Amino acid sequence: WFYNSDNKADEWDVFRIKASVNMNVDLGDNVSAFVQLTNQTYGENAGLGDNIDNKVFLDNAYILAKNVLGPITLKLGRQNLIYGSGFVILDGNSQFASTSIYFDGVKASMNITENVSIDAFYMKDHENGRGNTTPDDITLMGAYLTAKGCPVIGGKQELYALNREDEASGKDIWTYGIRVSDKLDFGLDYAGEIAVQKGTAAMNGVDHDALGYKLDLGYTFDIDLKPRIFGQYAFMSG
């Protein structure tokens with residue numbers, strides 16, 4: 001990134017190498033296991049930094065059990081969560097860089113109808129100290145509803161209610177949002193998402209009240225390689 005030409009520390013000319021290897025095993029009875037190991041480095045630096053050294057880490061490790069208690073699917077363990085275009089949920093336990101995006105926890109999914117499904121999850125973004133003497137975890141939980149083929153507006157509709165609690169700072173914030181999207185037969189695609197946040201911003205009880213929205217518009221040309229042009233506008237209040 002280039003922020004200040006007088007400060008060379010934020011000018012990075014490096015090769016960034018990231019590689020992953022994974023294995024998926026069918027255990028039978030609608031149960032499978034997935035494990036992924038990843039290595040990433042910006043160069044071989046001395047020390048044990050999470051985002052700077054050449055090391056291998058457990059990127060994903062989960063059990064997937066389908067048709068548990070009827071139509072419910074459980075996903076237990078270390079997993080990535082990406083909804084919509086990642087406007088609200090994408091980046092999990094990344095150590096504040098892009099080394100990884102996983103969460104640790106459990107997700108339950110259920111198909112309400114052929115075109116409507118809901119996910120409910122409880123995830124640790126940061127576990128931090130394991131003991132309960134000093135609460136310092138960052139926890140994400142919530143529900144995410146996805147519907148397709150609405151007879152009025154078509155496409156895909158998504159509704160969500162999420163809670164993020166940062167115990168160390170005292171933040172306890174609820175996010176409520178909606179997203180609509182579609183891709184039309186002649187190549188045009190669009191998406192719109194809006195979310196509001198309410199809650200407590202700090203230990204001293206300061207209110208948190210925020211609004212964010214994002215609008216996307218794209219077009220895919222029907223020629224070789226399928227090039228796509230798109231524009232995007234995003235707004236996030238303080």
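Within segment 190-238, the set of residues being open to solvent by less than 100 Å² (accessible area, probe 1.4 Å) and among the polar types (S, T, N, Q) comprises Gln197, Thr200, Thr220, Ser237.
Can you find, within segment 69-120, the residue that is least open to solvent (accessible area, probe 1.4 Å) among those that are of a type in the set (S, T, N, Q) and not in a loop (DSSP other than H, G, I, E, B)? Going through the qualifying residues, I end up with Gln79. Looking only at residues of segment 28-68 that are of a type outside the set (S, T, N, Q), over 18 Å from Asn93 (Cβ atoms) and outside any strand (DSSP E or B), we find that the one that is modelled with the lowest pLDDT is Ala46.
Among the residues of segment 113-130, are any at positive phi, out of contact with any strand residue (DSSP E or B) (no Cβ under 7 Å at 6 or more places or on another chain), at pLDDT below 95 and not small (Gly, Ala, Ser)? Yes: one or more hits. If only residues of segment 180-238 that are of a type in the set (Val, Ile, Thr) and in contact (Cβ under 8 Å) with a residue 12 or more places away in the chain are counted, the one that is farthest from Asp166 (Cα to Cα) is Thr220. Under the condition of being surrounded by 10 or more Cβ atoms within 10 Å (Cβ to Cβ) and assigned to a loop (DSSP other than H, G, I, E, B), the residues counted in segment 5-27 number 3. For Gly205, the conditions (1) within 17 Å of Ile89 (Cβ to Cβ); (2) part of a loop (DSSP other than H, G, I, E, B) all hold with the exception of (1).
The values are calculated or read from the model by the stated rules, or taken from the named source; none is laboratory data. These numbers were taken from a predicted model, which means no experiment stands behind them. Neighbour counts run over all protein chains shown; Cβ positions are idealised from the backbone, glycine included. Protein only, heavy atoms only, side chains kept; ligands, DNA and RNA dropped before computing areas. Shrake-Rupley method; radii C 1.70, N 1.55, O 1.52, S 1.80 Å.
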